[in-house]
Amino acid sequence: MNPSLEIFSQGEEIVTGHTVDTNAAWLSQQAVQLGFTVTRHTAVGDKLDDLVALLEEISRRADCCICTGGLGPTSDDLTALAVAKAFDLPLEFDALAFAQIRQFFINRNREMPESNRKQAMLPKGAERLDNEWGTAPGFAVQYRRCWFVFLPGVPSEMRAIFLEKIRTALDKRFSLQPSTLVSIKTFGIGESDIQQRIDGIDIPAEVQLGFRASLNEVQTKLLFPPRYPDAGMTALVAAVAGTLGDYVFAVDGLGEVTGDLAYTVDQLMKAGKHTLAVVETASQGLLAGLCSGSAWLLETRYECSLERLARKLALAVSTEDLPGTAKAIALATQKSSGADFILVQLYAGDLPALLDKDKLVVLHTVLWAGGRFHPATHSVAGPIKRKQNQAALMALDSLRRYLQRTEPDVLACDLVKILVPVNKFPDAVF
């Protein structure tokens, strides 16, 4: 059985919601990857008695606890004092810690406030964790069954100390058997639809199924226990991803390094040595922004209305035939840019309709590639930021689907490459 680990965040700003506790989420991911069972996240404000009581509780039920925050120089930083009271370990002055804190200020040509001396007071017998990125040293103590690690709340300092000093120590202290988390990343399909599609798949009881949804993607997560057979893992992931078909744009956890939809398109474009020109309206420049910094993006154009776009391109356009208009714009753009692919995005209606959160907007996207037009039609609703974001991603996804269908040899993800033959990519409409 995997050892249990709790995460304890200290600070009034965490409890009141003024600061989002990204530390706990990041530490949980690290702990699960190592092989711990993360049992609780707890946040406590700047109240000494509450801190002492929680430390006592955790010492009796957890094998390990990682605590963040409360190591600063001010009166509301109470972690070291709480440890001293909870574990009966009086605070002692650590001369080396103090010298490191002073050097931090010397290096910046600043005078050290007297209050920073407090940060050199550590519980008796604690293992000091040097902080090379800030003034607050961390420390670690064993009390009862639990090994406690106390880290600064500043995320950059916390992560650096954990990666350089704690990760290796955890491997040595505990017998860890890491699980394997595989995330199947999709765009254009919701959680409920995914659940319905995969209901017929026999997922073993020891494999945990979960979902993580955001505006940009939905991840179907499969957590495999330690020593789960590789062949069985690959088969189950292939079955789930195959059922989801062309909605899948990447698979995380089987050895490949993947990212979001824009990252996937970037890798495919680089591998195929292609170039792209973009013309957009509803996405208001965000589509080009998703491709920013990419050498393969040769030309971008954004106009707030079809009429302005037509004047700039000196084209006769028809609001009654947006797909045909998009094709004409694609051809004109191809002549001016010389790009391999042209992505044109138009929307039906006017700017007030786009800005109205209660009005649905129909998007017409045309990809010119391989000497052919590949049109797609979608509907988006909601506030302008949502419409803008979805319009950009839907257009980019049209390009991704074309690339994954036509060039499986350049795919970064072997599993997606295997699945391409069973995915349904119509020639004309995505």
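The values are calculated or read from the model by the stated rules, or taken from the named source; none is laboratory data. Remember, it's a predicted structure, so these values are computed and weren't measured experimentally. Here the Cβ is made from the backbone with ideal geometry for all residues, glycine too, and neighbour counts use every protein chain on show.
For the reader, a short list of remarks on this structure follows.
Per-residue answers, yes or no, for (1) in the same structural domain as Val279 (by TED's automatic domain parsing); (2) closer than 23 Å to Leu215 by Cα; (3) surrounded by 20 or more Cβ atoms within 10 Å (Cβ to Cβ):
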position: Ala310; (1), (2), (3): yes, no, no
position: Ser336; (1), (2), (3): yes, no, no
position: Ile342; (1), (2), (3): yes, no, yes
position: Asp356; (1), (2), (3): yes, yes, no
position: Gly370; (1), (2), (3): yes, no, no
position: Ala381; (1), (2), (3): yes, yes, no
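- Counted residues, region 317-369 - those being of a type in the set (Lys, Arg) and touching a Phe, Trp or Tyr at 6+ places or on another chain (Cβ under 8 Å): 1
- Ser305 being over 19 Å from Met394 (Cβ atoms), within 37 Å of the chain's Cα centre (by Cα), surrounded by fewer than 20 Cβ atoms within 10 Å (Cβ to Cβ) and modelled with pLDDT under 80: yes
- Subset of region 113-167 (residues that are aromatic (Phe, Trp, Tyr) and touching a residue at least 40 places away in the same chain (Cβ under 8 Å)): Phe139, Tyr143, Trp147, Phe148, Phe150, Phe162
- Where strands (runs of 3 or more DSSP E) fall wholly inside region 301-391, the ranges with 2 or more residues that are out of contact with any helix residue (DSSP H, G or I) (no Cβ under 9 Å at 6 or more places or on another chain) are 372-380.
Let's see how each residue does on (1) assigned by TED's automatic domain parsing to the domain that holds Val38; (2) closer than 17 Å to Leu27 by Cβ; (3) at pLDDT 90 or above; (4) surrounded by fewer than 19 Cβ atoms within 10 Å (Cβ to Cβ):
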{"site": "Cys65", "(1), (2), (3), (4)": "yes, yes, yes, no"}
{"site": "Gly69", "(1), (2), (3), (4)": "yes, yes, yes, no"}
{"site": "Leu78", "(1), (2), (3), (4)": "yes, no, yes, no"}
{"site": "Leu81", "(1), (2), (3), (4)": "yes, no, yes, yes"}
{"site": "Phe93", "(1), (2), (3), (4)": "yes, no, yes, yes"}
{"site": "Thr135", "(1), (2), (3), (4)": "yes, no, no, no"}
{"site": "Tyr143", "(1), (2), (3), (4)": "yes, no, yes, no"}
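- Scanning region 396-418 for residues that are modelled with pLDDT of 55 or more, out of contact with any Phe, Trp or Tyr (no Cβ under 9 Å at 6 or more places or on another chain) and farther than 15 Å from Asp266 by Cβ turns up Pro408, Asp409, Asp414, Leu415, Lys417.
- Taken together, Leu276, Leu287 contain a single residue that is within 19 Å of Lys387 (Cβ to Cβ) and buried (at least 22 other Cβ atoms within 10 Å of the Cβ), which is Leu287.
- Tallying residues that are in contact with a Ser or Thr (Cβ under 8 Å, 6 or more places away or on another chain) and assigned to a loop (DSSP other than H, G, I, E, B) within region 14-46 yields 4.
- Matching residues in region 211-244 - criterion: being in contact (Cβ under 8 Å) with a residue 24 or more places away in the chain, among the hydroxyl-bearing types (Ser, Thr, Tyr) and assigned to a loop (DSSP other than H, G, I, E, B): Tyr228
- Sub-6 Å Cβ pairs linking a first residue in region 13-25 that is in contact (Cβ under 8 Å) with a residue 24 or more places away in the chain to a second residue that is acidic (Asp, Glu) and surrounded by 11 or more Cβ atoms within 10 Å (Cβ to Cβ), at least 6 apart or interchain, are Ile14/Asp21, ordered by first then second residue.
- Candidates Val149, Val182, filtered to the one that is modelled with pLDDT under 95, assigned to a strand (DSSP E or B) and buried (at least 21 other Cβ atoms within 10 Å of the Cβ): Val182
- Qualifying position, being free of Cβ contacts under 8 Å to residues at least 60 places away in the same chain and in the same structural domain as Phe139 (by TED's automatic domain parsing), among Val32, Val52: Val52
- Count of residues meeting criterion [touching a residue at least 24 places away in the same chain (Cβ under 8 Å), under 15 Å from Lys118 (Cβ atoms) and over 31 Å from the mean Cα position of the chain (by Cα)] in region 58-75: 2
- Checking Tyr302, Tyr247 one by one, the residue that is assigned by TED's automatic domain parsing to the domain that holds Trp368, touching a Gly at 6+ places or on another chain (Cβ under 6 Å) and among the hydroxyl-bearing types (Ser, Thr, Tyr) is Tyr302 and no other.
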